[in-house]
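Worksheet: the structure to be examined is printed underneath.
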Amino acid sequence: MAKNKFILLMVLCISIAKPLSACDICGCSTGNYFIGPFPQFSKHFIGIRYSFRNYNTVLRSDNTQFSKDHYQTTELLFGTQIGTKWQLLAFIPFNVNRSISDDGIKQNNGLSDVTLMGSYNLFNKIKLTGDTETVQHQLRIGGGIKLPTGKFSPDTNDFISSVNSQTGTGSFDFLFITSYSYKIKNWSLISNGTYKINQAADNFKFGNRLAATAFISRSFRYKTTTFNPNIGMLYENLDVNKINNRKIKESGGSVLLAAAGIEMRFKSIAIGCNIQLPLLSDLSGGQTNAKIRGMVQLSYVF
């Protein structure tokens with residue numbers, strides 16, 4: 001059935017004398033994966049993080065063609081501080097990708113693409129504004145590389161839609177990151193930005209991705225445990241995908257989400273979670289709607 005749809009699209013494009021352009025029925029995929037908020041640590045840490053993302057798609061030209069896509073990622077996280085300026089991070093993800101569509105159910109599980117990053121502390125200023133009030137500014141910049149360790153073997157008979165369910169992207173991709181924090185007494189503002197430049201694999205290229213987050217938190221302490229409830233916003237912008245250097249129509253887009261969560265710290269153990277709800281979603285030319293997302297993580301800081 002999927003092959004017949006693809007052939008019909010080819011005939012339609014040829015008949016109107018335009019370059020071949022198939023509809024990327026799902027607006028999000030493994031290629032849209034972002035690192036997310038960076039873990040906060042001062043020396044070293046090891047952790048595990050679970051996250052999920054959901055998307056619903058209905059093809060505008062034929063509402064009988066639909067896709068409900070569920071992406072789950074479990075990651076091992078590692079971080080270390082080198083001197084007073086450098087931090088190194090490693091993310092090893094395992095993906096469970098499940099798609100329910102008019103063509104049936106597809107699921108791919110396995111190791112995804114490992115990411116290695118480093119960041120440099122441009123400045124870390126601390127000043128006293130009173131006897132008990134401390135203000136701290138910190139700005140970090142850096143970059144990284146995403147390795148093609150995940151499986152990327154799309155169905156040649158249904159190439160465009162099957163690339164979305166792969167556990168990897170098949171390409172070396174590059175990241176540029178910034179992280180800024182402002183802390184005053186028990187209040188904190190932490191913002192992160194990531195720009196990912198994707199490369200092509202099998203003549204297919206996921207569009208470059210921009211992600212930005214900003215969270216405000218308030219710290220409370222009860223005996224030996226510190227609680228940090230937080231609220232924030234997340235924004236993602238996705239460039240269009242390309243096949244054979246030609247843009248795939250109605251791919252890419254943007255989404256804005258609101259988030260609320262909490263982090264708890266007991267001695268060397270840190271636990272955190274949050275829920276993310278879409279406020280604005282314009283993916284795949286309005287054909288794809290982002291749904292609820294969530295995250296929970298556990299780390300050991302030493």
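Of all the numbered requirements in (1) assigned to a strand (DSSP E or B); (2) in contact with a helix residue (DSSP H, G or I) (Cβ under 7 Å, 6 or more places away or on another chain), Glu250 misses one, and that requirement is (1). Would you confirm, using the coordinates I've provided, whether Ser191 is hydroxyl-bearing (Ser, Thr, Tyr) and over 22 Å from Asn237 (Cα atoms)? It is false that Ser191 is hydroxyl-bearing (Ser, Thr, Tyr) and over 22 Å from Asn237 (Cα atoms).
Being among the polar types (S, T, N, Q), closer than 23 Å to Ser42 by Cα and surrounded by 20 or more Cβ atoms within 10 Å (Cβ to Cβ) is true of Gln87. Surrounded by fewer than 14 Cβ atoms within 10 Å (Cβ to Cβ) and of a type in the set (Ser, Thr, Tyr): does that describe Tyr195? Answer is no for this residue.
With respect to the stated conditions, Gly118 is farther than 20 Å from Tyr55 by Cα, part of a strand (DSSP E or B) and not β-branched (Val, Ile, Thr).
Scanning the range 142-190 for residues that are farther than 30 Å from Leu59 by Cα, charged (D, E, K, R) and outside any loop (DSSP other than H, G, I, E, B) yields Lys146, Lys183. Leu147 passes every criterion in (1) at pLDDT 95 or above; (2) surrounded by fewer than 12 Cβ atoms within 10 Å (Cβ to Cβ); (3) not polar (S, T, N, Q) apart from (2).
Kindly indicate whether Ser217 is surrounded by 18 or more Cβ atoms within 10 Å (Cβ to Cβ), over 24 Å from Asp239 (Cβ atoms) and out of contact with any Asp or Glu (no Cβ under 8 Å at 6 or more places or on another chain). Judged against the criteria, Ser217 is not a match. In the set Ser171, Ser181, Ser162, only one residue is buried (at least 17 other Cβ atoms within 10 Å of the Cβ), in contact (Cβ under 8 Å) with a residue 40 or more places away in the chain and either touching a Cys at 6+ places or on another chain (Cβ under 9 Å) or closer than 21 Å to Leu89 by Cβ (or both); that residue is Ser181. Of all residues in the range 241-258, those being without any contact (Cβ under 8 Å) to a residue 40 or more places away in the chain, under 22 Å from Ile197 (Cβ atoms) and crowded, with 20+ Cβ neighbours inside 10 Å number 1. Within the range 100-123, being among the aliphatic types (A, V, I, L, M) and either more than 30 Å from Thr64 (Cβ to Cβ) or buried (at least 17 other Cβ atoms within 10 Å of the Cβ) (or both) holds for Leu111, Val114, Leu116, Met117, Leu122.
The values are calculated or read from the model by the stated rules, or taken from the named source; none is laboratory data. Just so it is clear, the model here is predicted, and its values are computed rather than measured. Glycine gets a Cβ as well: all are built from the backbone with ideal geometry, and neighbour counts include every protein chain shown.
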